[in-house]
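Shown next, in structure tokens, is the structure this report addresses.
The numbers here are math on the coordinates, done by the rules we state, and not lab data. A quick note: this is a predicted structure, and the numbers were derived from the prediction, not measured. Neighbour counts run over all protein chains shown; Cβ positions are idealised from the backbone, glycine included.
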């Protein structure tokens, strides 16, 4: 499931808008402010098939919850049309960047599903569950690092055109 939430950014000049983006923008995982932010959360569920001497997977499914927080100019009749156009172009590029983070969450969910489904049978279902969860957690850790690398490579979207002003 993907949700997009907006926060209002007041201002009638580019410098006012920039200052308010920094003032009202969402906080990242370590407390820093960003203009936009994406959080994804992956859950996985699996069922076992227990044999006499082993346990194996019978089904696996993942659910991904994605929340994107984006800025929106606060309504004001005094906003110059060129500022509205520049901000709109900026938020289009910012959304493109945030969707890259969302795709990472979707991708890791697919990878977790596939990896757990491919696990070989284990002597007990407890062992199988431990292995499945450890594998899922490991893949989540990798995806979190991919998100960080994505922000480093794109300079939080700047190299993708998400820069205001």
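Per-structure values
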quantity	calculated
Using alpha-carbon coordinates, inclination of helix 14-24 to the longest axis of the chain, degrees	40
Order of 63, 17 under a 10 Å beta carbon neighbour criterion, fewest first	63, 17
Angle between the chain longest axis and helix 81-117 axis [Cα atoms, degrees, rounded to 10]	0
Cα long-axis angle, helix 125-154 against the chain (0 to 90 degrees, to the nearest 10)	20
Within the chain, helix-based [θ] at 222 nm, where runs of 4 or more DSSP H residues each add -39,500 (n - 2.57), nearest 500	-17000 deg cm²/dmol
Beta bridges per DSSP with both ends in segment 2-160, % antiparallel, nearest 5	65
Förster radius 45 Å - calculated FRET efficiency between residue 47 and residue 148, Cβ distance, rounded to 0.05	0.85
Cα-projected label distance for residue 127 with residue 76, points at 7 Å along beta-carbon direction, nm	6.6
Using distinct alpha-carbon pairs, which all enter the 1/r mean, Kirkwood radius of the chain in Å	18.0
